[in-house]
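Here is the structure we will look at, set down as structure tokens.
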Amino acid sequence: MKRWTLILLAAIAGNFLLASCGIYSFSGTSIQADVNTITIPYVEYKALRVNPSLSGELTDALQEKFRKLTRLEQVDVDGDLELVCEITGYDVKATAITANEQAAQNRLTVTVKIEFTNRKYPEDDVSSSFSAYEDFDATMTLDSVESGLCEAIIEKLVEDIFNATVAQW
């Protein structure tokens, strides 16, 4: 019984040490202890095909993800971290063709370019592009499924961006 008690106490002590060092958290982030703020400006829309609500929805989703999973205070300007995003692609293409040379399935793809700046630790800066897509039946119009597709795509993009910036996966 004493052996299990010692193991349990060692595990608890290890958890306190990891949590108190300020670099690791159980949400999977690796943010240094002296980094306290983040700026996430409105996502710019630069794709040729227009979706008027996508920029706002992506901005809100990014801000919410960082609010929920980090201890960072969100500020309007000059954060210790800054995440600037722009939507560079919004495309629909056929992905499956029937024997009659008609589309059986279409794919909506959204591409986002990011510039992530860590003002205190520039070696953690990230400049990259991310794409996510969802397929839909070609018998459906984009207008009828666009909202649901965009919701799923935004979720994937936000996860990828979060992991590439503060989770550093």
Looking for something within 21 Å of T37 (Cα to Cα) and touching a Leu at 6+ places or on another chain (Cβ under 8 Å) - is there at least one such residue anywhere in region 88-99? no
Counting just the residues of region 83-120 that are modelled with pLDDT of 95 or more and loosely packed, with under 14 Cβ neighbours inside 10 Å, which one comes out farthest from D143 (Cα to Cα)? K120
Name the single residue that is surrounded by the fewest Cβ atoms within 10 Å (Cβ to Cβ) among those in region 26-66 being among the β-branched types (V, I, T), touching a strand residue (DSSP E or B) at 6+ places or on another chain (Cβ under 9 Å) and more than 30 Å from D143 (Cα to Cα). T37
What number goes with the only condition from (1) aliphatic (A, V, I, L, M); (2) at pLDDT below 95; (3) under 30 Å from S147 (Cα atoms) that A10 does not pass? (3)
Against the conditions (1) in contact (Cβ under 8 Å) with a residue 12 or more places away in the chain; (2) surrounded by fewer than 18 Cβ atoms within 10 Å (Cβ to Cβ), where does D125 fall short? Just the number, please. (1)
Tell me yes or no: at least one residue of region 67-82 is of a type in the set (G, A, S) and within 30 Å of D143 (Cβ to Cβ). no
Within region 133-146, is there a residue that is assigned to a helix (DSSP H, G or I) and of a type in the set (A, V, I, L, M)? yes
Across region 131-159, what is the total count of residues that are under 13 Å from the mean Cα position of the chain (by Cα) and surrounded by fewer than 18 Cβ atoms within 10 Å (Cβ to Cβ)? 6
For region 65-108, which positions are of a type in the set (V, I, T) and either outside the structural domain of I38 (by TED's automatic domain parsing) or over 14 Å from the mean Cα position of the chain (by Cα) (or both)? V75, V77, T88, V92, T95, I97, T98
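The values are calculated or read from the model by the stated rules, or taken from the named source; none is laboratory data. What you see is a predicted model, and the numbers here were worked out from it, not measured in a lab. Neighbour counts are summed over all protein chains in view; Cβ atoms, including those assigned to glycine, are modelled from backbone coordinates with ideal geometry.
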